[in-house]
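We did not get these values from a lab; they are worked out from the coordinates using the rules stated. Bear in mind that the values here come from a model prediction, so they are computed numbers and not experimental data. When we count neighbours, we look across all protein chains shown, and the Cβ atoms used for this are built from the backbone with ideal geometry, even at glycine.
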Amino acid sequence: MTDYRAISWWLESCGDDLTPRPPLSGSIDVDIAIMGAGFSGLWTAWYLLQRDPSLRIAIVEREIAGFGASGRNGAWCTSEFPTGPGAIARKYGDDTARATVTAMRATVREIGEITSANGIACDWADGGQLIIARGAHQRDAVEHEYAELDRLGLAEGVELLSAGETLRRVRITDLTRALFSPFTAVIHPGKLVRGMAHLVEKHGVTIYEQTPVSGIVTGGRPALETERGTVRAKTVVLCAEAYLSQMPAYRRAVMPVYSLITLTEPLSEAEWAEIGWAGRECIASCRFTVDYLSRTADGRILFGGRGAPYRYGSRIAPDMDRHAGTHAMLQDSLRAWFPRLKDVRFTHTWGGPLGWSRDFIPTVAYDPARGVALAHGYTGNGVATTNLAARTLTDLILGEKSDLLDLPHANHRTRQWEPEPFRFLGVRYMQHAFVNLDRTAERTGQAPSGKSLAERMTAH
């Protein structure tokens with residue numbers, strides 16, 4: 001690419017020079033070689049150096065820092081783990097569910113403290129999040145989520161809101177219920193990821209940009225191979241998220257699923273007075289096809305969601321970052337949520353792939369015999385989970401004991417995704433099924449039964 005500002009409004013408005021750093025220019029030897037200059041790779045470099053400043057660390061990035069999901073997401077720094085507490089409790093037990101939720105809530109605080117202490121101005125706002133029920137058919141899902149937290153003793157600070165209480169926060173059509181959690185911040189992810197890149201450089205990390213990894217060597221002498229040279233290391237760390245699926249050895253480890261975003265122009269004071277939303281909460285409903293909203297620091301509304309079709313062979317390509325049908329759907333949805341904005345102008349659309357794990361649990365693992373550590377599979381909840389993953393990787397690589405190693409993601413092994421064409425057929429079926437489930441529920445006012453094939457296949 002030549003104009004990285006076109007990737008997303010976050011990169012366009014981050015205030016940082018996006019001119020690529022110099023690429024690798026020959027083979028080198030380091031202690032730690034990291035693939036990927038997104039949140040996972042940058043946080044891992046940061047924590048490793050905090051523990052051992054003598055480490056020689058190089059990050060190899062195919063484009064520029066923040067090119068992937070770290071520079072394109074919906075701005076949620078949420079304490080929600082990719083798998084909910086109820087599902088974790090059923091699979092791992094109540095104590096593990098409590099520990100995971102507690103660790104994620106602490107992670108949000110950790111990110112806020114580090115960015116503040118190091119002068120990374122990423123428009124941090126502790127607005128919390130609202131999971132809303134739009135229509136009676138979504139009400140049970142909201143109430144069930146609160147009941148799970150309450151049963152586990154995790155509901156302190158969390159509020160189950162009536163329609164009236166929710167409307168006093170933000171005026172969205174068809175509200176029937178909402179769950180408010182204070183453990184989420186809204187950020188400017190472009191400023192955060194670019195700020196983190198500068199921060200680790202100040203501490204001695206070298207970032208090689210526009211240097212795609214073409215091969216991964218494992219064993220006694222692990223390395224990242226590129227056309228510009230080989231980065232030999234004691235440990236290689238793979239932090240490429242969805243892009244890891246483009247490496248032959250990891251093609252079935254993680255699946256790229258596209259999430260797309262549309263952004264309005266800054267709203268007027270009169271429009272904000274009518275809508276409310278003064279708290280800048282992150283907002284989502286309970287649709288299977290997922291929607292997520294945030295309010296930017298300069299008064300725009302971001303509306304994101306799934307819907308772009310999965311491509312055969314887990315294809316990732318620039319032409320897939322925008323999908324006219326999905327972006328039109330998102331814009332129509334925003335107008336339906338906020339009729340006052342029926343004539344609002346949309347200034348930006350973008351998208352990108354997130355990494356979807358087969359069982360919705362991230363894999364954060366280290367194999368000393370192979371010399372390989374990796375972190376992937378955040379399933380759309382990566383802004384904060386990447387920080388937790390980085391601290392976990394640091395403990396694993398340095399051989400240090402910690403409570404993080406008892407959480408579900410630590411050295412987790414998940415099933416591989418099915419080979420093609422079964423993966424394509426299955427995912428396309430699920431995408432169509434989720435759309436139909438949402439449409440049927442909205443038309444009838446009845447919540448899905450939980451008995452459909454699509455619902456049973458994704459129960460976790």
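Annotation: peptides 349-357, 156-164, 224-232, ranked by per-residue average of other Cβ atoms within 10 Å with the highest first, follow the order 349-357, 224-232, 156-164. Computed over the Cα atoms of segment 116-268, the ratio of the radius of gyration to the Kirkwood radius (Rg/Rh) comes to 1.10. Cross-link pairs exceeding 29 Å between alpha carbons, from the set Lys202/Lys234; Lys191/Lys401; Lys234/Lys401: Lys191/Lys401. Taking 7 Å steps out from each Cα toward its Cβ at Ala297 and His203 produces label points 2.2 nm apart.
Using all pairs of distinct alpha-carbon atoms, the Kirkwood hydrodynamic radius of the chain works out to 22.4 angstrom.
So what's the angle, to the nearest 10 degrees on a 0 to 90 scale, between helix 324-337 and the longest Cα principal axis of the chain? Orientation of helix 324-337: about 50 degrees from the principal axis. Each of Leu167 and Asp140 was given a label point 7 Å from its Cα along the Cα-to-Cβ line. The distance between the two points is 2.5 nm. Using a cutoff of 8 angstrom between alpha carbon atoms and counting only pairs six or more residues apart, the relative contact order for segment 208-346 works out to 21 percent. For segment 167-207, backbone nitrogen atoms closer than 17 Å to the point 7 Å from Asp31 Cα along Cα-to-C-beta are found at 200-207. Residues whose amide H falls under 5 Å from that of Thr226, counting only those 5 or more places apart or on a different chain, are Ser214, Val231, with hydrogens built in the peptide plane.
Between Ala106 and Glu271, the modelled labels are 4.2 nm apart [label points 7 Å from Cα along Cα→Cβ]. Specify the angular offset, from 0 to 90 degrees and rounded to the nearest 10, of the alpha carbon long axis of helix 422-444 from the longest principal axis of the alpha carbons in the chain. Helix 422-444 sits roughly 20 degrees off the main axis of the chain.
Couplings 3J(HN,Hα) of segment 238-251, computed from phi: 9, 10, 9, 6, 4, 6, 4, 5, 8, 8, x, 6, 10, 4 Hz, in residue order, whole Hz [Karplus 6.51 cos²θ - 1.76 cosθ + 1.60, θ = phi - 60°; x for Gly and Pro].
Scoring 119-130, 313-324 by mean Cβ neighbours within 10 Å over their residues and listing the highest first yields 119-130, 313-324.
Taking the convex hull of the alpha carbon positions in segment 99-166 and averaging its projected area over all directions gives 5.9 nm². Under a cut-off of 12 Å between alpha-carbon atoms, report the aspartates and glutamates in cross-link reach of Lys91, not counting same-chain residues fewer than 8 places apart. Here the aspartates and glutamates satisfying the reach criterion relative to Lys91 are Asp359.
Available extension along the chain between Ala317 and Lys342 is 5.8 nm, counting 0.36 nm per residue and deducting the alpha carbon span.
With contacts taken as Cα pairs under 8 Å and at least 6 residues apart, the chain reaches a relative contact order of 22 percent.
Remark: segment 309-322, residue by residue, has Karplus-estimated 3J(HN,Hα) of x, 5, 9, 3, x, 6, 5, 10, 7, x, 5, 8, 5, 10 Hz, where x stands for each Gly or Pro and the curve is 6.51 cos²θ - 1.76 cosθ + 1.60 at θ = phi - 60°. Using only the alpha-carbon atoms, how far is helix 39-51 inclined from the longest principal axis of the chain? Give it as 0 to 90 degrees, nearest 10. Long axis of 39-51 versus the principal axis of the chain: about 50 degrees. Across segment 341-350, coupling constants 3J(HN,Hα) worked out from phi with the 6.51/-1.76/1.60 Karplus curve, θ = phi - 60°, read 9, 4, 10, 5, 9, 9, 9, 9, 9, 7 Hz, and Gly and Pro carry x.
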